[in-house]
């Protein structure tokens, strides 16, 4: 289970494109295609490896959308879990360096 204290980063093994307010993401691992709504796209765009899930939710979800921290954190955790299961997000207990794909892989994911 992903918790609010874990760090999130976008995987380098994906193809992504913003289409209006939605993000289209395809996993290079299993060719799964995801369409992220505006809230999920905000989380995705903020997942740079330097912020925890809770920091992202507070700064990008609660401030921009009418939602409580508890509800947003629960939903964001479920989203992150689903994306991580498909190799689209990297989850770590430590900040994730995004300088090279090898550095991301070496940091250890879930």
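The values are calculated or read from the model by the stated rules, or taken from the named source; none is laboratory data. In this text the structure is predicted, and so the values were computed from the model without any measurement. Don't worry about glycine lacking a Cβ; one is built from the backbone with ideal geometry, like all the others, and counts go over all protein chains shown.
From the list 56, 43, which residue is surrounded by 15 or more Cβ atoms within 10 Å (Cβ to Cβ), under 12 Å from the mean Cα position of the chain (by Cα) and either without any contact (Cβ under 8 Å) to a residue 40 or more places away in the chain or assigned to a loop (DSSP other than H, G, I, E, B) (or both)? Walk me through it before giving the result.
Working: 56 fails: either without any contact (Cβ under 8 Å) to a residue 40 or more places away in the chain or assigned to a loop (DSSP other than H, G, I, E, B) (or both).
Just one listed residue meets the conditions, 43.
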Which of the residues spanning the stretch 59-73 are assigned to a helix (DSSP H, G or I) and either surrounded by 13 or more Cβ atoms within 10 Å (Cβ to Cβ) or touching a helix residue (DSSP H, G or I) at 6+ places or on another chain (Cβ under 7 Å) (or both)?
59, 60, 61, 62, 69, 72, 73
Taking the stretch 22-34 only, how many residues are more than 16 Å from residue 9 (Cα to Cα), outside any loop (DSSP other than H, G, I, E, B) and modelled with pLDDT under 95?
3
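Do you know which residues across the stretch 1-21 are assigned to a strand (DSSP E or B) and under 23 Å from residue 62 (Cβ atoms)? Break it down stepwise before answering.
Of the residues in the stretch 1-21, the ones assigned to a strand (DSSP E or B) are 7-10, 14-19.
Answer for the stretch 1-21, where residues must be assigned to a strand (DSSP E or B) and under 23 Å from residue 62 (Cβ atoms): 7, 8, 9, 10, 18.
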Just give me the residues in the stretch 83-110 being out of contact with any strand residue (DSSP E or B) (no Cβ under 8 Å at 6 or more places or on another chain) and modelled with pLDDT of 50 or more, in sequence order.
85, 99
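Assess whether residue 89 counts as being within 20 Å of residue 12 (Cα to Cα) and either loosely packed, with under 13 Cβ neighbours inside 10 Å or in contact with a helix residue (DSSP H, G or I) (Cβ under 7 Å, 6 or more places away or on another chain) (or both). Steps first, answer last, please.
Values: within 20 Å of residue 12 (Cα to Cα): yes; either loosely packed, with under 13 Cβ neighbours inside 10 Å or in contact with a helix residue (DSSP H, G or I) (Cβ under 7 Å, 6 or more places away or on another chain) (or both): yes.
It is true that residue 89 is within 20 Å of residue 12 (Cα to Cα) and either loosely packed, with under 13 Cβ neighbours inside 10 Å or in contact with a helix residue (DSSP H, G or I) (Cβ under 7 Å, 6 or more places away or on another chain) (or both).
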